[in-house]
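Reviewing the structure listed below.
The values are calculated or read from the model by the stated rules, or taken from the named source; none is laboratory data. Computed from a predicted structure; not experimentally measured. Ideal geometry is used to build each Cβ from the backbone, glycine not excepted, and the neighbour counts take in all protein chains shown. Just the protein is used for accessible areas: all its heavy atoms, side chains included, with ligands, DNA and RNA removed. Shrake-Rupley method; radii C 1.70, N 1.55, O 1.52, S 1.80 Å.
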Amino acid sequence: MIEETETIDEFLARRSADVEEAVRKAAAAEIMPRFRRLAAHEVDQKAGPHDLVTDADRLAERHLTEALGALLPGSVVVGEEAVHADPATYEAIQGDAPVWIVDPVDGTRQFVRGEPGFCTLVALAHRGALLASWTYAPARDQFATAIRGRGAHLDGERLLAGSPAPGRDLEVATSHPDYTTDDQKRALLGLWSDGIAPRSCGSAGLEYLAIARGDLDATAFSWEAAWDHAAGLLLVEEAGGTHLTLTGEPFRVTGGNALPFTAARDEETARKVVELLRRGSR
């Protein structure tokens with residue numbers, strides 16, 4: 001529990017490992033027992049066939065909401081499933097209280113198909129600033145963390161995104177066409193050019209981890225739901241990468257961003273991707 005005179009930074013220095021434990025426990029209790037064992041009645045559609053939710057999503061989010069709220073009294077939780085049930089819940093991201101931003105199962109389609117490419121995402125933000133993040137891929141036994149100003153780590157090892165090797169095509173993970181408007185589709189078509197190797201993205205959280213590891217050069221995403229991006233954006237930043245929207249400004253977790261936007265291993269790559277997105281928009 002946070003002490004009355006303790007700052008959020010002091011809380012993170014003292015209790016970050018407890019947040020990690022809470023994430024691991026939620027996955028162990030609610031996600032992994034259902035991995036490759038989902039019954040038909042445990043899977044539902046939200047907006048359409050590519051927007052799925054499972055009992056694992058709902059129960060893991062409930063588990064995390066209770067655990068994280070107890071760790072940091074006075075904080076609020078904005079989770080994907082809670083916002084689906086009550087969209088007004090999302091407004092807490094713009095409030096004055098510390099906010100936990102939670103995606104219980106990022107990559108639900110992969111989870112439903114029995115593939116290991118999914119993760120649990122938790123970020124802590126305050127007044128629009130991302131302070132810490134936890135990315136857990138339980139089927140791969142990988143845990144990545146980032147605390148602002150203290151670096152990004154994967155299983156205890158420091159992450160450094162580095163820069164792409166000169167002369168080779170940039171690998172860029174892009175939004176699935178089902179999640180793009182016509183204008184965004186045109187912008188993304190700008191990436192089909194010399195020197196770029198675009199591909200459809202999987203779990204957003206794992207794509208951000210790939211950038212932080214230097215295994216992926218950039219993303220180009222067309223939606224701004226905070227639970228998909230908050231944890232990964234801080235992970236990329238703390239690994240030395242950056243992110244830019246279509247107007248060349250950093251992505252704001254509070255919303256109102258010019259889309260699509262990119263996260264990249266370095267600023268040069270980010271600016272190149274943004275310029276190609278602008279060309280596609282014309």
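From the list SER163, SER203, exactly one residue is at pLDDT 95 or above and open to solvent by 20 Å² or more (accessible area, probe 1.4 Å). Which is it?
Details: SER203 fails: open to solvent by 20 Å² or more (accessible area, probe 1.4 Å).
Exactly one residue qualifies, and that residue is SER163.
Reported count of residues in region 11-67, each being assigned to a helix (DSSP H, G or I), aliphatic (A, V, I, L, M) and either at pLDDT 95 or above or surrounded by 15 or more Cβ atoms within 10 Å (Cβ to Cβ) (or both), is 16.
Yes/no per residue for (1) under 17 Å from the mean Cα position of the chain (by Cα); (2) buried (at least 23 other Cβ atoms within 10 Å of the Cβ):
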site: GLU115; (1), (2): no, no
site: LEU131; (1), (2): yes, no
site: THR145; (1), (2): yes, yes
site: GLY149; (1), (2): no, no
site: ASP155; (1), (2): no, no
site: GLU171; (1), (2): no, no
site: SER175; (1), (2): yes, no
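Residues of region 188-238 being in contact with a Pro (Cβ under 7 Å, 6 or more places away or on another chain) and small (Gly, Ala, Ser), which ones? Spell out the reasoning first.
Residues of region 188-238 in contact with a Pro (Cβ under 7 Å, 6 or more places away or on another chain): 188, 191-192, 217, 220-222.
If the condition is that a residue be in contact with a Pro (Cβ under 7 Å, 6 or more places away or on another chain) and small (Gly, Ala, Ser), then ALA220, SER222 are the ones that fit.
Note on region 169-190: residues that are out of contact with any helix residue (DSSP H, G or I) (no Cβ under 8 Å at 6 or more places or on another chain) and either among the aromatic types (Phe, Trp, Tyr) or at pLDDT 95 or above (or both) amount to 3.
Residues that are more than 24 Å from ALA13 (Cβ to Cβ) and either surrounded by fewer than 19 Cβ atoms within 10 Å (Cβ to Cβ) or out of contact with any Asp or Glu (no Cβ under 7 Å at 6 or more places or on another chain) (or both) within region 68-81 are absent altogether. Go through the residues of region 230-248 one by one and say whether even a single one is surrounded by fewer than 19 Cβ atoms within 10 Å (Cβ to Cβ), among the β-branched types (Val, Ile, Thr) and without any contact (Cβ under 8 Å) to a residue 24 or more places away in the chain. Among the residues of region 230-248, at least one is surrounded by fewer than 19 Cβ atoms within 10 Å (Cβ to Cβ), among the β-branched types (Val, Ile, Thr) and without any contact (Cβ under 8 Å) to a residue 24 or more places away in the chain, which makes the answer yes.
When each of ASP217, ASP182, ASP194 is tested for being open to solvent by less than 20 Å² (accessible area, probe 1.4 Å), more than 24 Å from GLY79 (Cα to Cα) and among the acidic types (Asp, Glu), the lone residue that passes is ASP217. Considering only residues of region 66-100 that are closer than 14 Å to ALA129 by Cα and hydrophobic (A, V, I, L, M, F, W, C), which is farthest from the chain's Cα centre (by Cα)? Here the residue is ALA97.
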